[in-house]
1. If you filter the stretch 1-50 for chymotrypsin sites (Phe, Trp or Tyr not before Pro), then keep DSSP loop positions with at most 14 other Cβ within 10 Å, what is left?
2. Name the trypsin sites (Lys or Arg not before Pro) in the stretch 7-38 that are in a loop by DSSP and that have at most 13 other C-beta atoms within 10 Å, would you?
3. For the stretch 1-92, what class follows from the C-alpha gyration tensor (a ≥ b ≥ c being the square roots of its eigenvalues): rounded when a/c is under 1.5, otherwise prolate if a/b is larger than b/c, else oblate?
4. Report the extension gain between LEU50 and LYS25 in nm, rounded to one decimal, defined as 0.36 nm multiplied by the number of residues separating them, less their alpha carbon distance.
5. Between ILE63 and GLU32, what is the spin-label point distance in nm, taking each point 7 Å from the Cα along the Cα→C-beta axis?
6. Step through the table entries LYS56/LYS89; LYS3/LYS25; LYS11/LYS56; LYS25/LYS61, compare each Cα-Cα distance with 20 Å, and write down the pairs that go over it.
Amino acid sequence: MVKQKISCEFKDKHSLYMAYMPFIKQGGLFIETEQDLDFNGIVQLEILLLEEKQPKIIRGKVIWKIFPGAQSSFRVGVGVQFEGEEAKKINDLIREHLARFADSGVGNFYSGS
């Protein structure tokens with residue numbers, strides 16, 4: 001059951017690249033937020049990717065949290081693992097958006113499955 005919703009927008013490939021977590025099974029994103037989201041909680045992500053007009057909606061699970069005031073250089077937010085039938089489709093779409101960015105020499109970890 002989805003308890004909470006998160007909206008996020010990625011206006012450029014660099015911000016999407018920095019948030020994308022290809023090492024998470026089925027893919028995932030790090031979302032900067034100070035929302036109090038439950039660890040292992042199910043959330044509904046509303047993701048607006050680059051120049052797309054309509055956001056993509058996907059269910060996800062909060063797999064880690066960085067709390068406000070944490071003594072680290074990391075931004076406050078949550079890591080969300082994609083879940084459900086749409087997970088592969090969203091993950092593949094993000095990989096497609098980032099393929100040229102990775103080919104530019106910034107990184108190449110988007111080529112694997």
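1. PHE23, PHE39
2. The qualifying sites are LYS11, LYS25.
3. oblate
4. Gain on stretching LEU50 to LYS25: 6.7 nm.
5. 2.2
6. Where the Cα-Cα span goes over 20 Å, the pairs concerned are LYS3/LYS25.
Since every read-out is calculated from the coordinates, none of them should be taken as a lab result. None of the values given here were measured: they were computed from a predicted structure. Backbone-built Cβ (ideal geometry, glycine too); neighbour counts: all protein chains shown.
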